[in-house]
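Data first, discussion second: the structure below is written as C-alpha cells.
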Amino acid sequence: MVITRAGKKGLRLAIASGKGGTGKTTVTAALASIWSQALCRPVLAVDCDVEEPNLHLFLRPVIRRAETAKLEVPMVAEAALCADCGACRELCQFGAVTVMAGKPLVFPEMCHGCGGCLAVCPTGALVAGSRELGRIEEGATETAGYLAGRLRIGEAQSPPLIRAVLARLARIAEPAADVLIDAPPGVSCPAVTTVSGADAVLLVAEPTPFGIHDFELAVEAFTPLGKPMAVAINRSGPGTPELLALCRGHNLPVLAEIANDRVVAETYARGGLLHEAGAHYRAACFALARSLAELPQTAREAAHA
Amino acid sequence: MPEIVVLSGKGGAGKTSVTAAFAAMSRNAVLCDLDVDAPDLHILLAPRNSRREPFVAGHLAAIDPARCDGCGECAARCRYGAVSAADRDRFVINPAHCEGCKVCVVLCPRQAILFTPRTCGVSAVSDTRFGPFVHARLDPGAENSGRLVALLRQKAKALAKEQGRDLILADGAPGIACPVVSSITGASLAVLVTEPTPSGSHDLGRVATLCDHFKLPTAVLLNKADLNADEAARIEDACRDAGRPIVGRLPYSPDVTAAMAARQTLPEYGGPLAEALAEAWANVLNLAAAPKPQRNPF
Ligand code: SF4
Ligand code: SF4
Ligand code: SF4
Ligand code: SF4
C-alpha cells in the first residue's frame, strides 16, 4: 500500500532523552535513514543538539549551504551621544550593559538579545550590532534532508541558536515532509525550547538507575507541553521491567526495545547505524518508524478512550 | 586548593560513574554535582541529612488582567514569543518562554506587568559515606543553570575552607555552553572522559577546545577503550599532539551497569575496573597538584 498524504501536514517529531548517551542520536540517525523507505514520505533530519551535534557523523550528509547565525546585541554607536541617563543599565537583567564615566559599555557575550536597551536609549548612543552564535548547515543524504546548528565554541547560550535553527526549519521544510529533530539532552531550557517546536516526542531511555532517574525527569519536564509522547528503550537489560512499569504508570506507549548488545555498541563505534547491526534491528527500526507515524493519532484515541 | 572537574564531551561516556569512583577513593574532599539539569551522582553517593535551600534567580513577568487594556505593546516587544493574546483585549505571558528580560515590564504603557523573583530549583548540602556533598536540581525547563553551577562551586569552596578539606571534586555540567563554562572557570584540572566512537572523539575535541579557551589544564580518561581500537589510537595520538596526558584506559565492561544497579561505586564493587581507576586517580592527583600550566607540545 502506498501511503499518500496529499494536503496533509507532515509529522514533526522530537527525539529527546533525560540526558546524553541514551542513544538519542543513534535512534534519530537510523530513523532518518529508513524513514522514507518505511513510510514513502519525504523526511528531514534536524540536529538541534547544537552544543554537541553528532547526527552528521552518522548520516554523512552533503552540505549544500552554510550560514552564520547571529544574535542582535547592542553596540556603542557614539559614546559622546550618551546622556548618562542609566536607562540601559537599569533595564538589562543580564549585566550586559553598563555606564562608566558617562559612557555606555557593552559586554556582548553576556547579552541575551532582548533588545531592551536599544528600545529605551533616548539618544541613539546604542545601535544594533551582532554576535556570532554558530553555524547553520543545510544539506541532504541519499534518503533524507538535513539541517543542523553548531554552537560556536565559547558561545554561552544555546537557545538562541536553537531558535534560529527552528526558524530556518519553518522556512525550508516542505509542508508534507516529516521532520525528525534530535533534541539537546537534558530537561533544561535548550531541550524544552526544542521540544516545544515539535508535535510529538519520542523519549529514548536506558533502564539503568541513572537512565531511569533521568527518564522520570524528562517525563516531568515534557508532559506539561501536552504533546503525544512515546518511549524507545535502549540497551534493554535487568532494569527493563521497572522502566516498563513506569511507562505504564505514565500511560506512555513503548514502541521499541533495543537489546544491550556489544554488536550494536561496536557498530556505533565504527560510525555505523542501528539498522545495520543485523536483520532484527532493521525490522525494529521499520516498525518504530511506522508506529511513530501513527503516534499523534494513537495518542488522540488514547485520550478519548 | 585543587579543584578537579570531570567532564565528558559526550553524554553516556561514563562521566558520573568515574566521578563516583574518584569520590570513593578521595581522602578529604568536598564532592559536588554540577550537572544540575540531570543530576545523577546522588544515586551512587546516597546523600543523607540534606540541608536544602530554594534557588532563586532572575525574574518572571506576569500580566495583571485588571490593568491590561490589550494594546499589544508587550507582545510586539517580547523577542522570546512569550506573550500572546488571551482574547481581544487581553494578553498573557507563558512562563515557560519568559526569559525575564523586563522589556515588557518597562515598556507597558499601563504598568500592567508584574515582575517577581523566580524560584528555579533547589540546592543542598548533604553528608555521604565519602564526605560532604554539594548538589542541586534545576526545575525542568528552567534557565540560569550557569548561575546555579556558580553558586554550588561557591558553596563547595566555603565548605572546604570551613571543614579543612583539601580538594574539591566535581561532576561537571554537560555540553559546551554556559553551565559547563561556569563549571570550569578557575578550576585546576579537567578530566575529560571519552569513548572511542565517532561522536566520542568529535565531542572530546569540542570540550577540550573549550577548556583550552579558558586555559584550563586537561587530562583524558579513555573509557570503553577496546570498542574500537583504531579510533582509540587516533584519540591517543591527538591527545599526545595536544599535550593532554591520558590518565587511564578502561575496557568496555558490564561491571559499570552492574555496580550502578547495586548502587555501588566501582572501587566498592571491585574487579579490574576498580584497579584501572585507582591508577587513573593517582595520575589525576599528581596532575592536579602540579603547577599550571602543564601544556607540553613535545
Ligand atoms: S539587548 Fe537586552 S540583554 Fe542585551 S544588553 Fe541590551 S538589555 Fe541587556
Ligand atoms: S540609555 Fe542611552 S543615553 Fe542612557 S545611559 Fe544608556 S547609552 Fe547612555
Ligand atoms: S503592554 Fe501592557 S497594556 Fe498593553 S497589552 Fe501588554 S500588558 Fe496589556
Ligand atoms: S520579561 Fe521579557 S521574555 Fe518575559 S514576557 Fe516580558 S519581554 Fe518577554
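The values are calculated or read from the model by the stated rules, or taken from the named source; none is laboratory data. These numbers come from a predicted model, not from an experiment. Please note: Cβ atoms are built from the backbone with ideal geometry, for glycine as well, and neighbour counts cover all protein chains shown. These accessible areas exclude ligands, DNA and RNA; they are computed on the full protein's heavy atoms, side chains included. Shrake-Rupley method; radii C 1.70, N 1.55, O 1.52, S 1.80 Å.
Within the stretch A:107-120, take every residue that is open to solvent by 30 Å² or more (accessible area, probe 1.4 Å) and either in a loop (DSSP other than H, G, I, E, B) or closer than 15 Å to A:Glu78 by Cβ (or both) and give me the one that is nearest to ligand 1 (Cβ to nearest atom).
By that ranking, first place goes to A:His112.
So, in the stretch B:212-221, how many residues would count as being under 26 Å from A:Val50 (Cβ atoms) and more than 10 Å from every other protein chain (Cβ to nearest Cβ)? Steps first, please.
Narrowing the stretch B:212-221 to residues under 26 Å from A:Val50 (Cβ atoms): B:212-216, B:218, B:220-221.
Within this subset, residues satisfying the condition of being more than 10 Å from every other protein chain (Cβ to nearest Cβ) are B:215-216, B:218, B:220-221.
Residues in the stretch B:212-221 being under 26 Å from A:Val50 (Cβ atoms) and more than 10 Å from every other protein chain (Cβ to nearest Cβ): 5 in total.
Please work out which one of (1) open to solvent by less than 10 Å² (accessible area, probe 1.4 Å); (2) facing another protein chain (nearest Cβ under 8 Å); (3) within 16 Å of the chain's Cα centre (by Cα) is the condition A:Thr194 fails and give its number.
So A:Thr194 meets the others, but not (2).
Against the definition (within 30 Å of B:Ala261 (Cα to Cα), more than 9 Å from ligand 3 (Cβ to nearest atom), among the aliphatic types (A, V, I, L, M) and open to solvent by 30 Å² or more (accessible area, probe 1.4 Å)), how does B:Ala46 come out, yes or no?
For B:Ala46, the condition - within 30 Å of B:Ala261 (Cα to Cα), more than 9 Å from ligand 3 (Cβ to nearest atom), among the aliphatic types (A, V, I, L, M) and open to solvent by 30 Å² or more (accessible area, probe 1.4 Å) - is met.
Give B:Val92, B:Val30 a once-over and let me know the one that is more than 14 Å from every other protein chain (Cβ to nearest Cβ), under 16 Å from the mean Cα position of the chain (by Cα) and either within 30 Å of A:Arg89 (Cα to Cα) or hydrophobic (A, V, I, L, M, F, W, C) (or both).
Answer to the check: B:Val30.
Looking only at the stretch B:220-257, count every residue that is within 24 Å of the chain's Cα centre (by Cα), more than 21 Å from A:Pro207 (Cα to Cα) and of a type in the set (D, E, K, R) and tell me the total.
2
Assuming A:His250 fulfils every condition listed in (1) surrounded by 19 or more Cβ atoms within 10 Å (Cβ to Cβ); (2) touching a helix residue (DSSP H, G or I) at 6+ places or on another chain (Cβ under 7 Å) apart from one, which condition is it?
(1)
Report yes if B:Val191 is in contact with a helix residue (DSSP H, G or I) (Cβ under 9 Å, 6 or more places away or on another chain), open to solvent by less than 20 Å² (accessible area, probe 1.4 Å) and under 29 Å from A:Thr26 (Cα atoms), otherwise no.
Considered against the rule, which asks whether it is in contact with a helix residue (DSSP H, G or I) (Cβ under 9 Å, 6 or more places away or on another chain), open to solvent by less than 20 Å² (accessible area, probe 1.4 Å) and under 29 Å from A:Thr26 (Cα atoms), B:Val191 comes out as yes.
For the stretch A:1-80, which fully contained strands (runs of 3 or more DSSP E) count at least 1 residues that are surrounded by fewer than 21 Cβ atoms within 10 Å (Cβ to Cβ) and of a type in the set (D, E, K, R)?
A:62-76
Being among the small types (Gly, Ala, Ser) and within 12 Å of another protein chain (Cβ to nearest Cβ) is the filter here; which residues of the stretch A:165-182 pass it?
Matches in the stretch A:165-182: A:Ala167 only.
Mind listing whichever residues of the stretch B:54-82 are closer than 24 Å to A:Thr193 by Cβ, in contact with a helix residue (DSSP H, G or I) (Cβ under 9 Å, 6 or more places away or on another chain), away from ligand 1 (no atom under 16 Å from the Cβ) and not small (Gly, Ala, Ser)?
Hits for the stretch B:54-82 are B:Phe55, B:Ile63.
Run down A:Cys117, A:Cys92, A:Cys85 and say which single residue is in contact with a Gly (Cβ under 9 Å, 6 or more places away or on another chain) and of a type in the set (A, V, I, L, M, F, W, C).
Only one candidate passes the filter, namely A:Cys92.
Applying the selection to the stretch B:151-191, what residues are in contact with a Gly (Cβ under 9 Å, 6 or more places away or on another chain) and within 13 Å of another protein chain (Cβ to nearest Cβ)?
Listed by number, the residues that qualify are B:Ala173, B:Pro174, B:Gly175, B:Ile176, B:Ala177, B:Cys178, B:Pro179, B:Val180, B:Val181, B:Ser182, B:Ser183, B:Ile184.
State which residue pairs qualify: first residue more than 16 Å from ligand 3 (Cβ to nearest atom) and inside the stretch A:103-128, second residue open to solvent by 40 Å² or more (accessible area, probe 1.4 Å) and of a type in the set (Phe, Trp, Tyr) in any location, beta carbons under 8 Å apart, and separation of 6 or more residues or different chains.
Close Cβ pairs satisfying both conditions: none exist.
Within the set of pairs 6 or more residues apart or between chains, which connect a residue that is of a type outside the set (Phe, Trp, Tyr) inside the stretch A:273-295 to a residue that is part of a loop (DSSP other than H, G, I, E, B) with Cβ atoms less than 6 Å apart?
Cβ pairs passing all conditions: A:Leu295/A:Pro228.
With respect to A:Ala156, is the statement that it is open to solvent by 10 Å² or more (accessible area, probe 1.4 Å) and hydrophobic (A, V, I, L, M, F, W, C) true?
Values: open to solvent by 10 Å² or more (accessible area, probe 1.4 Å): yes; hydrophobic (A, V, I, L, M, F, W, C): yes.
For A:Ala156, the condition - open to solvent by 10 Å² or more (accessible area, probe 1.4 Å) and hydrophobic (A, V, I, L, M, F, W, C) - is met.
Can you go through A:Ala66, A:Ala79 and tell me which one is away from chain B (no Cβ under 14 Å), more than 23 Å from the chain's Cα centre (by Cα) and of a type in the set (A, V, I, L, M, F, W, C)?
The unique qualifying residue is A:Ala79.
All but one of (1) surrounded by 16 or more Cβ atoms within 10 Å (Cβ to Cβ); (2) within 17 Å of B:Val103 (Cα to Cα) hold for A:Gly134; state the number of the condition that does not hold.
The one condition A:Gly134 does not meet is (2).
Could we say that B:Ala280 is surrounded by fewer than 22 Cβ atoms within 10 Å (Cβ to Cβ) and assigned to a helix (DSSP H, G or I) here?
Spelling it out, it is not the case that B:Ala280 is surrounded by fewer than 22 Cβ atoms within 10 Å (Cβ to Cβ) and assigned to a helix (DSSP H, G or I).
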